[in-house]
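Worksheet: one structure, shown below.
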């Protein structure tokens with residue numbers, strides 16, 4: 001019988017191998033503590049993009065937390081959209097900071 005460490009290592013290796021093609025729904029569900037049908041539903045309605053990646057798993061965990069806090073699905077979609085927009089703006093700010101040239105003395 002294999003130890004938990006060996007099984008976890010094997011699973012992580014398999015997950016890394018499928019990362020290029022996406023993470024299977026049932027694996028994503030297990031890793032996020034959600035039901036596979038619920039994950040499929042979130043993908044189908046576009047709350048999480050397909051193929052599932054590690055970033056998608058992070059989104060699924062955020063969804064689970066927000067739903068647990070009592071936020072309905074429409075609210076979750078708005079919160080996630082706002083979060084993505086904030087991340088885009090932060091990246092743009094960092095890009096612009098990198099473009100600025102220090103004044104010459």
Among the candidates 69, 89, 15, 11, single out the residue that is out of contact with any strand residue (DSSP E or B) (no Cβ under 8 Å at 6 or more places or on another chain) and at pLDDT below 95. 11
Region 19-33 residues that are on the phi > 0 side of the Ramachandran plot, paired with ones that are assigned to a helix (DSSP H, G or I) and modelled with pLDDT of 90 or more (beta carbon under 7 Å, 6 or more apart): 33/64
Evaluate the following for residue 46: is it touching a helix residue (DSSP H, G or I) at 6+ places or on another chain (Cβ under 9 Å), closer than 21 Å to residue 23 by Cβ and exposed (fewer than 12 other Cβ atoms within 10 Å of the Cβ)? yes
Of all the residues that make up region 65-96, how many are surrounded by 15 or more Cβ atoms within 10 Å (Cβ to Cβ) and either touching a residue at least 40 places away in the same chain (Cβ under 8 Å) or in a helix (DSSP H, G or I) (or both)? 5
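The values are calculated or read from the model by the stated rules, or taken from the named source; none is laboratory data. These figures come from a predicted structure and were not determined experimentally. Neighbour counts are summed over all protein chains in view; Cβ atoms, including those assigned to glycine, are modelled from backbone coordinates with ideal geometry.
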